[in-house]
Amino acid sequence: MAAPLYDALLVCHLAAALIGFGAVAIGGWSAADGQKAASPRSDERLLRFFKPGRDWPSRLVLVVPVFGLALLLGGDRSAIAHPWPWAGLFVWLVAAGHLLGLGWPAEHRAQQALAGGEGDLEEFRSACKKMERAAAVASVCFVAAVILMIWQP
């Protein structure tokens, strides 16, 4: 693969990872704030974050392995035989599984509960707790993947 194309793929891979996992971490912090807020419906920051709709920047997490595999297959193919890219893919699968199965559905429930009536505040806090947990797991996975990609054992 030509160097400029490889460099462009690398930039896309890194940007998707940093923006996607950064948005996930921000979601986790917002969920932690949502659990602690005495009156979440009067907190403008929480209302702004939990407005109904998808958090599109966090969905960039889903394209990280696409660019990573393109780099792997288009660059120095000797890395295919090493365990580190496949360990990185496994770590990404753990992160994506937590986000798809727990984090993003919990975020959707938190949005609905915050927009609902007073009785929905416990549902909001419960959803925030699940969302925070999924964001924490995804953030740990991100750090592990970065270590793997730099160290390349």
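Restricting attention to the range 37-62, the residues that are in a helix (DSSP H, G or I) and either within 23 Å of Phe21 (Cβ to Cβ) or in contact with a strand residue (DSSP E or B) (Cβ under 7 Å, 6 or more places away or on another chain) (or both) add up to 11.
Considering each of Gly27, Gly22 in turn, give the residue that is surrounded by 16 or more Cβ atoms within 10 Å (Cβ to Cβ) and touching a helix residue (DSSP H, G or I) at 6+ places or on another chain (Cβ under 6 Å).
Values: Gly22 fails: touching a helix residue (DSSP H, G or I) at 6+ places or on another chain (Cβ under 6 Å).
None of the other options fit; the residue is Gly27.
On the basis of being surrounded by fewer than 19 Cβ atoms within 10 Å (Cβ to Cβ), of a type outside the set (Ser, Thr, Tyr) and modelled with pLDDT of 95 or more, does Trp84 make the cut? Explain how you work it out, then say what you get.
Values: surrounded by fewer than 19 Cβ atoms within 10 Å (Cβ to Cβ): yes; of a type outside the set (Ser, Thr, Tyr): yes; modelled with pLDDT of 95 or more: no.
Judged against the criteria, Trp84 is not a match.
Looking at Lys51, Lys36, just one residue is free of Cβ contacts under 8 Å to residues at least 12 places away in the same chain and not small (Gly, Ala, Ser), and that residue is Lys36. Consider Ala106 carefully, then state whether it is in contact with a helix residue (DSSP H, G or I) (Cβ under 6 Å, 6 or more places away or on another chain) and modelled with pLDDT of 90 or more. Against the criterion (in contact with a helix residue (DSSP H, G or I) (Cβ under 6 Å, 6 or more places away or on another chain) and modelled with pLDDT of 90 or more), Ala106 qualifies. Restricted to helices (runs of 4 or more DSSP H) entirely inside the range 65-153, no element has at least 1 residues that are charged (D, E, K, R) and farther than 30 Å from Arg41 by Cβ.
The values are calculated or read from the model by the stated rules, or taken from the named source; none is laboratory data. As the structure is a computational prediction, the values presented were derived from the model and not from experiment. No Cβ is skipped: glycine too gets one built from the backbone with ideal geometry, and neighbour counts run over all protein chains shown.
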